[in-house]
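Worksheet: the structure to be examined is printed underneath.
The values are calculated or read from the model by the stated rules, or taken from the named source; none is laboratory data. Computed from a predicted model, the values in this text were never measured in an experiment. For neighbour counting, all protein chains shown are included, and Cβ atoms are generated from backbone atoms with ideal geometry for every residue, glycine included. All accessible areas refer to the heavy atoms of the entire protein, side chains included, with ligands and DNA or RNA removed. Shrake-Rupley method; radii C 1.70, N 1.55, O 1.52, S 1.80 Å.
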Amino acid sequence: MPELKEYLPELKETTRVRTRRGYHYYFSLNGEYVKSTNNLFGRRLELKGNGNYVVAPPSIIKAHQYVYEIPLSEMLPIPKVLIKKEREPAPCVEERKHKTFKIPKYHGQKVDCIRQIFSRDLEEGERNNSLFILYNLLLQNKNTDEYSKKLVVEKNGSLSKPLTEAELKKLYRKAYNYGCIGIRDKLAYIKCEACGHRFKEGKLKDSNILIKNIRILPELSNTQRGIVCLLGTVFEGEYPSINKIAETANMNYETVKNAIKILKEMLVIDEALYN
């Protein structure tokens, strides 16, 4: 991109690597912290900073060997314009508030994914799903519709790149139920390890399908037993479809369907569930 050299004349002299689709330019950080971005100068240009990596010579990717056109010994210090760009203070008071967002009070403190969504500066590509799931989780945990919307608006306003009001309105629709596995499927950043809500507040209580049927587990086939274990752990408190169970267990749909039918006949699971 010729005009890029107007912003960064150092590109002509610093370490350069020919890639399959263009060039990588190297600069030394000299202790500076540079935040990565995929939208440098408002264009589709990547800047890789601390904690990131790139394919380097003499790597070969799809028959192309990465080579230095200007060697590492010629690497220049990171241009000040890049450091300044990543360290500019927020231009207004509203944006400074984004850095001090405090998790509000809400019902469902033990549902840790709610806290994780509140804690994260949601990125483009995850804002819609995150705020939609946040809204539904707040409703499921007995927060009023009005209060749930208020918290979603506050969270959205705290983001570096918030959704528009029109985009937010599209999120205020109720899902049937969002359980753990559905949330993990939609939000890759969610970690369940510390959540006290798993297995109904961290314990296998009498209502759990495994506890209720523990004496007859040895009588079940391997497939039936595997499905019961799946329903009592991964799907605890949820009622997935047969197709979802088969997909999660990596089993044949008909195999799961037949096993579910037998489990219903044995009264292991409710006849009205898992269709």
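Listed values, structure above:
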| item | result |
| --- | --- |
| Estimated 222 nm signal from helices in the chain, with DSSP H stretches of n ≥ 4 weighted -39500 (n - 2.57), rounded to 500 | -10500 deg cm²/dmol |
| In Å², nearest 10: area of Phe27 left accessible to a 1.4 Å probe | 40 |
| Solvent exposure, largest accessible area first (probe 1.4 Å, DNA, RNA and ligands not counted), of Asp121, Asp185 | Asp185, Asp121 |
| Within the accessible area of the chain (1.4 Å probe), percent carbon and sulfur | 50 |
| Computed magnitude of the charge dipole of region 210-275 (debye, nearest 20; Cβ of K, R +1, Cβ of D, E -1) | 120 |
| Alpha carbon centroid spacing (whole Å) that separates region 99-122 from region 30-74 | 35 |
| Cross-link pairs Lys48/Lys105; Lys150/Lys244; Lys149/Lys261; Lys110/Lys186 - those with Cα-Cα distance over 29 Å | Lys48/Lys105; Lys150/Lys244; Lys149/Lys261 |
| Dipole-positive endmost among Gly226, Phe101, Phe41 within the chain (Cβ charges, Cα centre) | Phe101 |
| Average accessible surface area per residue within the chain, 1.4 Å rolling probe, Å² | 64 |
| Percent antiparallel among DSSP beta bridges (both partners in the chain, rounded to 5) | 80 |
| Arg43 accessible area, assembled protein chains, probe 1.4 Å, Å² | 90 |
| Tyr7 - accessible surface, heavy atoms, 1.4 Å probe, Å² rounded to 10 | 110 |
| Which of Tyr253, Ile83, Ser158, positive extreme of dipole for the chain (C-beta unit charges) | Ser158 |
| Contact order normalised by residue count of the chain, Cα under 8 Å, 6+ apart, percent | 12 |
| Calculated P(r) tail over 27 Å for the chain, as whole % of Cα pairs | 59 |
| Given charges at beta-carbon only (K, R positive; D, E negative), |dipole| of the chain in Debye | 320 |
